[in-house]
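The values are calculated or read from the model by the stated rules, or taken from the named source; none is laboratory data. None of the values given here were measured: they were computed from a predicted structure. Cβ placement follows ideal geometry from the backbone for every residue including glycine, while neighbour counts extend to all protein chains displayed.
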Amino acid sequence: MQTHSQGLLANGGFEDINVCTEYNVECAPEAWMSSLSGFNNFFRDPGRAHSGSNCLGIEAAHFQKPYNRSYLRSRLLCGLRKDNLYQISFFIKSAFPIMDSVGVLFMDQDPLYGKIFMRGKEPSFYLKGAVSASEFGDSAWRKVSVEYRATGNEAFVVIGYFAKSDYKGKRLNERENRYYIFLDDISMTPLDPNEHLCAGWEQAKEEIYGENERHELLDRKIKYYRNKPPPPPQLERNTYTVIDTLILPDILFETGKAALQTGSFTVLDSICRQVQGKQIDSLVIKGHTDNTGTAAINEALSSNRAKNVADYMAPRISMMPVPVFIYGLADSVPVASNSTLQGRQKNRRVEILLYIRE
């Protein structure tokens, strides 16, 4: 099955470096752009980064320019599923007590073309509650993790300073006019273990990495699309695994044996027909017995019954080979008491679990 290791945001550690079109030099991370073109917010300094060699900064304020702010923007690899929960995590630090006013904003349109003014926008959520305003110090990275409930319309993520008023704190370095907040190791993953990245995430990553304008060409592109933005990207939705389950009772097997009775074929054929044409992640078969008989006999019986069911179903549920997992659990997982005839009959069963992607 698809793992969550990639996550929904590409290059969250900023270690893959973009070579810009204009100067053919490594001047920015892949997949991430800033509202400030150029080199102002990209730091290639292992001593400053949380991990690796690089980190990014957002400009929260400027000592000489009122409401001079920047934000970071990236495109999601896949579309989110409406009402599903996602965890956004990253590391953050600042020498100024302003981190609680950092926010994350999800948009369906590319923010670079929309004249975003941070003081007039309401983010999808602030970091308030996840980090205190008093937690600051340039050498102290703090991990932030926030749960987000999707609307289903998200295509781009924006991270910026969304305070309503301008920050006017004391400068710590007389040669630096910017009030920076630093970020590193950004990730976004589904909280539901049955949700997986869309099948086209690698192609989407290639498209995102193919955006190589970072300076004058980016400024021209923004100016071109400012009054007539391009249509929002149509992101492929994350896939979701549905588990179809079926219990085969003891009566569908020959008494005390692993062979299937003729009547079981109708039941198995029915579920095979229902899933034909669907994307099947795996087939899991679990055999169970009651506690009569020796451990060795029960283990062999439960395993052989599960194998016979798997052998019958696997070639009928998909034209392509499907991963099959067989477990002979003997009497280790009873669903009823083994002290009664009725209970023992319930415990003698085979569980079929079909993991299907929607």
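Which of the numbered conditions does SER145 fail, given that it passes all the others? Conditions: (1) under 22 Å from PHE42 (Cβ atoms); (2) out of contact with any helix residue (DSSP H, G or I) (no Cβ under 9 Å at 6 or more places or on another chain); (3) free of Cβ contacts under 8 Å to residues at least 60 places away in the same chain.
(1)
Which of the residues spanning the range 15-66 are assigned to a strand (DSSP E or B), touching a residue at least 40 places away in the same chain (Cβ under 8 Å) and closer than 20 Å to TYR113 by Cα? Can you show your working first?
Keep residues of the range 15-66 that are assigned to a strand (DSSP E or B), which gives 17-19, 26-29, 33-34, 42-44, 54-62.
Next, from what is left, pick out any that are touching a residue at least 40 places away in the same chain (Cβ under 8 Å): 18-19, 27-28, 33, 43, 54-62.
Answer for the range 15-66, where residues must be assigned to a strand (DSSP E or B), touching a residue at least 40 places away in the same chain (Cβ under 8 Å) and closer than 20 Å to TYR113 by Cα: ALA28, MET33, ILE58, GLU59.
Does LEU260 satisfy the criteria of being of a type in the set (A, V, I, L, M), under 24 Å from VAL322 (Cα atoms), out of contact with any Asp or Glu (no Cβ under 6 Å at 6 or more places or on another chain) and surrounded by 13 or more Cβ atoms within 10 Å (Cβ to Cβ)? Steps first, answer last, please.
Details: of a type in the set (A, V, I, L, M): yes; under 24 Å from VAL322 (Cα atoms): yes; out of contact with any Asp or Glu (no Cβ under 6 Å at 6 or more places or on another chain): yes; surrounded by 13 or more Cβ atoms within 10 Å (Cβ to Cβ): yes.
Yes, satisfied.
Could you list, in sequence order, the residues of the range 238-257 that are surrounded by 15 or more Cβ atoms within 10 Å (Cβ to Cβ) and within 30 Å of LYS205 (Cα to Cα)?
Correct list: ASN238, THR239, TYR240, THR241.
Which one of these is in the same structural domain as ARG175 (by TED's automatic domain parsing), at pLDDT below 95, within 25 Å of the chain's Cα centre (by Cα) and not aliphatic (A, V, I, L, M): TYR71, TYR23, TYR67?
Values: TYR23 fails: within 25 Å of the chain's Cα centre (by Cα); TYR67 fails: within 25 Å of the chain's Cα centre (by Cα).
On inspection, the qualifying residue turns out to be TYR71.
Can ASP290 be described as acidic (Asp, Glu) and farther than 14 Å from ARG348 by Cα?
Criteria not met by ASP290.
Within the range 221-240, can you find the residues that are among the aromatic types (Phe, Trp, Tyr) and without any contact (Cβ under 8 Å) to a residue 40 or more places away in the chain?
TYR224
Which ranges mark the strands (runs of 3 or more DSSP E) fully within the range 88-169 that have 1 or more residues being at pLDDT 95 or above, more than 24 Å from PRO232 (Cα to Cα) and in the same structural domain as ALA60 (by TED's automatic domain parsing)?
On the way: elements: 102-107, 142-149, 156-161.
Qualifying strands (runs of 3 or more DSSP E): 142-149.
Look at SER318 and say whether it is in the same structural domain as LEU248 (by TED's automatic domain parsing), under 25 Å from HIS196 (Cβ atoms) and small (Gly, Ala, Ser). Before the answer, list the steps.
Numbers: in the same structural domain as LEU248 (by TED's automatic domain parsing): yes; under 25 Å from HIS196 (Cβ atoms): yes; small (Gly, Ala, Ser): yes.
Here the answer is yes, as SER318 does meet what is asked.
Out of all the residues in the range 42-63, is one or more within 20 Å of the chain's Cα centre (by Cα) and crowded, with 16+ Cβ neighbours inside 10 Å? Please lay out each step first, then the result.
So in the range 42-63, the residues within 20 Å of the chain's Cα centre (by Cα) come out as none.
No, the range 42-63 contains no residue that is within 20 Å of the chain's Cα centre (by Cα) and crowded, with 16+ Cβ neighbours inside 10 Å.
Restricting to the range 273-313, name every residue that is closer than 20 Å to LEU246 by Cβ and free of Cβ contacts under 8 Å to residues at least 12 places away in the same chain.
Listed by number, the residues that qualify are ARG273, GLY277, ASP311.
With the condition kept exactly as written, say whether any residue in the range 160-174 is under 25 Å from the mean Cα position of the chain (by Cα), under 29 Å from TYR23 (Cα atoms) and surrounded by 14 or more Cβ atoms within 10 Å (Cβ to Cβ).
Among the residues of the range 160-174, at least one is under 25 Å from the mean Cα position of the chain (by Cα), under 29 Å from TYR23 (Cα atoms) and surrounded by 14 or more Cβ atoms within 10 Å (Cβ to Cβ), which makes the answer yes.
Hey, does the range 174-190 have a residue that's in contact with a strand residue (DSSP E or B) (Cβ under 8 Å, 6 or more places away or on another chain), in a loop (DSSP other than H, G, I, E, B), modelled with pLDDT under 95 and over 30 Å from LEU354 (Cα atoms)? Let's see the steps before the verdict.
Keep residues of the range 174-190 that are in contact with a strand residue (DSSP E or B) (Cβ under 8 Å, 6 or more places away or on another chain), which gives 177-190.
From what's left, in a loop (DSSP other than H, G, I, E, B): 177.
With the extra rule that they be modelled with pLDDT under 95, the set shrinks to 177.
Now drop any that are not over 30 Å from LEU354 (Cα atoms), which leaves 177.
The answer is yes, given that some residue of the range 174-190 is in contact with a strand residue (DSSP E or B) (Cβ under 8 Å, 6 or more places away or on another chain), in a loop (DSSP other than H, G, I, E, B), modelled with pLDDT under 95 and over 30 Å from LEU354 (Cα atoms).
Check off (1) surrounded by fewer than 16 Cβ atoms within 10 Å (Cβ to Cβ); (2) modelled with pLDDT under 90; (3) of a type in the set (D, E, K, R) for ASP281 and give me the number that stays unchecked.
Among (1) surrounded by fewer than 16 Cβ atoms within 10 Å (Cβ to Cβ); (2) modelled with pLDDT under 90; (3) of a type in the set (D, E, K, R), the lone unmet condition for ASP281 is (1).
For SER94, which of the numbered conditions (1) hydroxyl-bearing (Ser, Thr, Tyr); (2) within 17 Å of VAL146 (Cβ to Cβ); (3) crowded, with 20+ Cβ neighbours inside 10 Å fails to hold?
The failed condition is (2).
State whether the residues of the range 186-195 include one that is farther than 30 Å from MET313 by Cα, touching a Phe, Trp or Tyr at 6+ places or on another chain (Cβ under 9 Å) and of a type in the set (D, E, K, R). Show your work before the answer.
As a first pass, look at the range 186-195 and keep what is farther than 30 Å from MET313 by Cα: 186-191.
Checking which are touching a Phe, Trp or Tyr at 6+ places or on another chain (Cβ under 9 Å) leaves us with 186-191.
Checking which are of a type in the set (D, E, K, R) leaves us with none.
No, there is no match, as no residue in the range 186-195 is farther than 30 Å from MET313 by Cα, touching a Phe, Trp or Tyr at 6+ places or on another chain (Cβ under 9 Å) and of a type in the set (D, E, K, R).
So, in the range 45-62, how many residues would count as being among the charged types (D, E, K, R) and closer than 26 Å to ASP110 by Cβ?
As a first pass, look at the range 45-62 and keep what is among the charged types (D, E, K, R): 45, 48, 59.
If we keep only those that are closer than 26 Å to ASP110 by Cβ too, we end up with 59.
Residues in the range 45-62 being among the charged types (D, E, K, R) and closer than 26 Å to ASP110 by Cβ: 1 in total.
Against the condition in the same structural domain as SER70 (by TED's automatic domain parsing), more than 30 Å from TYR312 (Cα to Cα), crowded, with 18+ Cβ neighbours inside 10 Å and in contact (Cβ under 8 Å) with a residue 12 or more places away in the chain, how does LEU218 come out, does it pass? Spell out how you get there, then give the answer.
Values: in the same structural domain as SER70 (by TED's automatic domain parsing): yes; more than 30 Å from TYR312 (Cα to Cα): yes; crowded, with 18+ Cβ neighbours inside 10 Å: yes; in contact (Cβ under 8 Å) with a residue 12 or more places away in the chain: yes.
Spelling it out, LEU218 is indeed in the same structural domain as SER70 (by TED's automatic domain parsing), more than 30 Å from TYR312 (Cα to Cα), crowded, with 18+ Cβ neighbours inside 10 Å and in contact (Cβ under 8 Å) with a residue 12 or more places away in the chain.
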